[in-house]
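Asks: Following this message is one structure expressed as structure tokens.
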Amino acid sequence: MTLRPGGWLAALDIDGTILHEDGFLSDTVRRAVRDADARGNEVMLATGRSAASTTPVLEQLGVLPRYLVCSNGAVTLERDADDASGYRRARVETFDPTEVLTTISGALSDARYAVEDAEGRFRYTARFPESAVGPGSEEVPFESLLEVEATRVVVISPNHATEEFLGVVEQMGLSRVSYAIGWTAWLDIAPDGVNKATAMEWVRGRLGVPIERTVAIGDGRNDIDMLEWAGRGVAMGQAPAEVVAAADETTREVRDDGLAKVLDTLP
């Protein structure tokens with residue numbers, strides 16, 4: 001559906017917002033997404049997922065937004081009927097991962113690493129879960145990761161509890177990158193100053209939607225910037241306290257179709 005005059009721009013996180021932890025999509029949420037789109041709102045995805053793992057969610061939802069924000073804002077896709085996937089890379093931000101990888105490897109000796117390049121391919125070290133990197137990815141020695149021009153670095157430290165992991169990361173003093181920590185000991189690192197909010201602001205400018213007609217819904221620490229950016233930031237009911245604090249309001253948990261409750265309020 002084309003964005004109508006007066007329509008809203010809605011940025012939806014995927015995991016924990018649209019989909020349950022096990023990947024389940026409720027009929028209630030699917031219906032709410034389609035209905036909001038049919039009313040002439042631009043309902044799009046803004047996720048930490050790579051492009052390859054984002055577009056299949058659109059098939060489940062049954063919508064085709066003009067833009068998709070992937071890799072925590074490092075990659076923005078634009079709909080393109082001539083591309084095999086239906087989308088082309090309209091905006092890509094990259095960085096040299098050498099400094100951050102060497103810093104982290106010195107502090108977290110048992111961590112596992114993956115680096116995503118501008119084309120969405122991952123290179124990863126041994127014992128990294130293949131389900132997190134998708135098809136076309138390649139296991140390589142740690143040193144080979146330093147040669148990639150990265151859109152994202154992912155670090156998993158399975159032997160750390162989340163709060164302990166937060167403390168270790170803060171002590172590292174990472175510079176020239178942006179980072180967000182997930183529910184588990186999972187660290188997403190993007191180019192400096194790049195996050196879901198910076199990508200959504202670029203999209204908003206392209207669509208010409210005033211900030212007061214933007215809504216963002218999410219549940220993770222990587223959603224904080226986007227919730228603060230939006231005219232209406234909504235945290236899912238199960239979100240950590242710092243995510244709730246960044247939002248203007250809180251909806252029900254994902255298991256109770258909190259996203260549908262928000263989308264149903266859009267005109």
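Bear in mind that the values in this text are calculations on the coordinates, not laboratory data. Bear in mind the structure is a predicted one, so any value in this text is a computation, not a measurement. Every residue, glycine among them, receives a Cβ derived from its backbone with ideal geometry; neighbour counts consider all protein chains shown.
Asks: For the chain, list the DSSP H helices whose alpha carbon atoms reach 15 Å or more along the long axis and whose average Kyte-Doolittle value is -1.0 or above? Numbers along the way, then the final one.
Replies: Details: long enough: 27-38 (16 Å, -0.91); 51-61 (16 Å, 0.42); 162-172 (16 Å, 0.16); 196-207 (16 Å, -0.41).
The qualifying helices are 27-38, 51-61, 162-172, 196-207.
Asks: With θ set to phi - 60°, apply the Karplus curve 6.51 cos²θ - 1.76 cosθ + 1.60 along region 134-146 and write out the HN-Hα couplings as whole Hz, x wherever there is a Gly or Pro.
Replies: Along region 134-146, the couplings run x, x, x, 8, 9, 7, 9, x, 3, 4, 5, 5, 5 Hz.
Asks: Among ASN41, ASN222, ASN159, whose mean-square fluctuation peaks in a Gaussian network model of the chain (Cα, cutoff 10 Å)?
Replies: Answer for the Gaussian network model of the chain: ASN159.
Asks: Report the net charge of residues surrounding GLU78, where surrounding means a beta-carbon distance below 11 angstrom and charges are Lys +1, Arg +1, Asp -1, Glu -1. Walk me through the intermediate numbers first.
Replies: Working: positive: ARG66, ARG79, ARG88, ARG89, ARG91, ARG206; negative: ASP80, ASP83.
Neighbour charge sum, excluding GLU78 itself: +4.
Asks: Net charge near MET200, counting Lys/Arg +1 and Asp/Glu -1 over other residues with Cβ under 12 Å of its Cβ?
Replies: Numbers: positive: ARG91, LYS196, ARG204, ARG206; negative: ASP13, GLU42, GLU201, ASP223, ASP225, GLU228.
That sum, taken over residues with Cβ under 12 Å, equals -2.
Asks: Full extension from ARG34 to GLU147: what is 0.36 nm times the residue separation minus their Cα-Cα distance, to one decimal in nm? Provide the component values of the computation, followed by the final result.
Replies: Numbers: separation 113, 0.36 × 113 = 40.68 nm, distance 4.21 nm.
Length gained between ARG34 and GLU147: 36.5 nm.
Asks: What is the ratio of the Cα radius of gyration of the chain to 2.2 N^0.38 Å, where N is its residue count, to two decimals? Please list the in-between numbers first.
Replies: Values: Rg = 17.8 Å, N = 267, 2.2 N^0.38 = 18.4 Å.
Output field value: 0.97.
Asks: Something else: Just from its helices, what would the mean residue ellipticity at 222 nm be for the chain, if runs of 4 or more DSSP H residues each count -39500 (n - 2.57) and the sum is divided by every residue, rounded to the nearest 500 deg cm²/dmol?
Replies: Details: 9 runs with 78 residues, N = 267.
Value at 222 nm, helices only, nearest 500: -8000 deg cm²/dmol.
Asks: Same structure again: Residue farthest toward the positive end of the dipole of the chain, with Cβ of Lys/Arg at +1 and Asp/Glu at -1: which of LEU9, LEU145, THR198?
Replies: Value: LEU9.
Asks: Enumerate the amide H contacts of VAL194 below 5 Å, restricted to partners 5 or more residues apart or on another chain; note that Pro and chain-start residues carry no placed amide H.
Replies: Amide H neighbours of VAL194, under 5 Å, 5+ apart: SER178.
Asks: Still on this structure: Please compute the net charge surrounding SER105, taking Lys and Arg as +1 and Asp and Glu as -1 over other residues with Cβ under 13 Å from its Cβ. Spell out each step's value before the answer.
Replies: On the way: positive: ARG112; negative: GLU99, ASP110, GLU143.
Around SER105, the surrounding residues sum to -2.
Asks: Quick check for me: using +1 on Lys/Arg Cβ and -1 on Asp/Glu Cβ, what's the dipole size of region 1-129 about its Cα centre, in debye to the nearest 20? Before the final figure, lay out each step's value.
Replies: Numbers: 15 positive and 20 negative charges, 53 e Å.
That gives region 1-129 a dipole magnitude of about 260 debye.
Asks: Any chance you could check the Cα centroid distance between region 29-63 and region 119-142 for me, in angstrom?
Replies: Each part's Cα centre sits 26 Å from the other's.
Asks: Can you tell me what percent of all Cα-Cα pairs in region 1-60 are more than 13 Å apart?
Replies: In whole percent, the long-distance tail amounts to 63.
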